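The values are calculated or read from the model by the stated rules, or taken from the named source; none is laboratory data. Source: prediction; values computed, not measured. When we count neighbours, we look across all protein chains shown, and the Cβ atoms used for this are built from the backbone with ideal geometry, even at glycine.
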Amino acid sequence: MGVHHTTSKKPIGLPTRGKTASNRLRRVDNFILRYEPSLLTRTDGLFQRSMFIDLGYGFDARTTLESAERFRRVNPTLPILGVEIDKERVDAALPYADEITHFRVGGFNLPLQPNERVRLIRAFNVLRQYEEKDFIPAYERLAQYVLPGGLMIEGTSNPFGSIWAANLVRKVSDGWRNEALVFSTNFHTGFDITDFQAVLPKNYIHHVVQGELIYDFFEAWKRSAVETASAKVFGLKQWFAASAEGLAAKGYKINLYKKWLAKGWLIWNK
């Protein structure tokens, strides 16, 4: 269960735009807390002291600190590391550091100490500014640090976090296994499937064209929404759930548990 660390000291990557709103990533954290709370509380083996990484937290430390507050409700001693490639941003965050909350300069080559391990990485609004050719190398490098069974959630949100889409990948012995593509809405802006296309992760956003799997998925979801439009009279959540059931009926592996659909999460298992 060894973890191989890169020896490169220079952070690999580019600065994020940095701007973020309070609670922009609350729905991402809440998703993880519902999806696999045991990942945050595991203490077996190397998980005992393993960390949550907030990669590319932005202009100030708020997303990292907000996550610390949420995740420590289930694990009060969870070590958390906010990583930024911009030294000024790290310097500004250091006053908020303590024994289990850290901020360090780094990139896709995570700035870990030799005895540190990772259980969860959140990388939001980071990879979307890269070229698609950079996507796989970034993923491969990040996989080096994560314990087998750990997760990364990587995607893009709109400015207020009300709509987002993310890859959910699981660390296995030889790298990542795609577990799901997750779509999230709090319904504050209605329910329009095209809104999700605008926040697709980098490996999908340029592929919503005929002949591609993600194009077919969105076309099927749009048809399902039209076919279930009568559910709108019961509310947007009911329509969202009905459209998901329509997708499943078309052969897509959709998680139909009400606890997800009622909260505005559509999980397409890969």
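Table for the structure above
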{"read-out": "Within the range 227-250, considering residues that are in contact (Cβ under 8 Å) with a residue 40 or more places away in the chain and among the hydrophobic types (A, V, I, L, M, F, W, C), the one nearest to S184 (Cα to Cα)", "value": "F240"}
{"read-out": "Pair list, Cβ < 7 Å and 6+ apart or interchain, from the range 169-198 residues that are more than 17 Å from F217 (Cβ to Cβ) to residues that are part of a loop (DSSP other than H, G, I, E, B)", "value": "N186/S162; N186/G264; F187/G264; H188/S162; T189/S162"}
{"read-out": "Unique match (being surrounded by fewer than 14 Cβ atoms within 10 Å (Cβ to Cβ), of a type in the set (K, R) and either under 28 Å from E131 (Cβ atoms) or modelled with pLDDT of 95 or more (or both)) among K237, K263, K270", "value": "K270"}
{"read-out": "Selection count, the range 125-135, where residues are closer than 16 Å to N167 by Cα and exposed (fewer than 13 other Cβ atoms within 10 Å of the Cβ)", "value": "0"}
{"read-out": "Test: residue in the range 27-45 that is of a type in the set (A, V, I, L, M, F, W, C), modelled with pLDDT under 95 and buried (at least 19 other Cβ atoms within 10 Å of the Cβ)", "value": "no"}
{"read-out": "Close pairs (7 angstrom Cβ cut-off, 6 or more residues apart or separate chains): under 21 Å from Y145 (Cβ atoms) in the range 83-101, among the hydroxyl-bearing types (S, T, Y) anywhere", "value": "E84/Y57; I100/T77"}
{"read-out": "F59 vs. criteria at pLDDT below 95 and assigned by TED's automatic domain parsing to the domain that holds V90", "value": "yes"}
{"read-out": "Matching option when the condition is of a type in the set (S, T, Y) and surrounded by fewer than 17 Cβ atoms within 10 Å (Cβ to Cβ), among T185, T189, T156", "value": "T189"}
{"read-out": "Looking only at the range 240-260, and only at residues there that are outside any helix (DSSP H, G or I) and within 23 Å of the chain's Cα centre (by Cα), the one that is surrounded by the most Cβ atoms within 10 Å (Cβ to Cβ)", "value": "I254"}
{"read-out": "Of residues in the range 136-146 being more than 23 Å from F183 (Cα to Cα) and crowded, with 22+ Cβ neighbours inside 10 Å, the one farthest from the chain's Cα centre (by Cα)", "value": "Y145"}
{"read-out": "Filter result (closer than 19 Å to S184 by Cβ and part of a helix (DSSP H, G or I)) within the range 196-219", "value": "F196, Q197, K202, N203, Y204, I205, I214, F217, F218"}
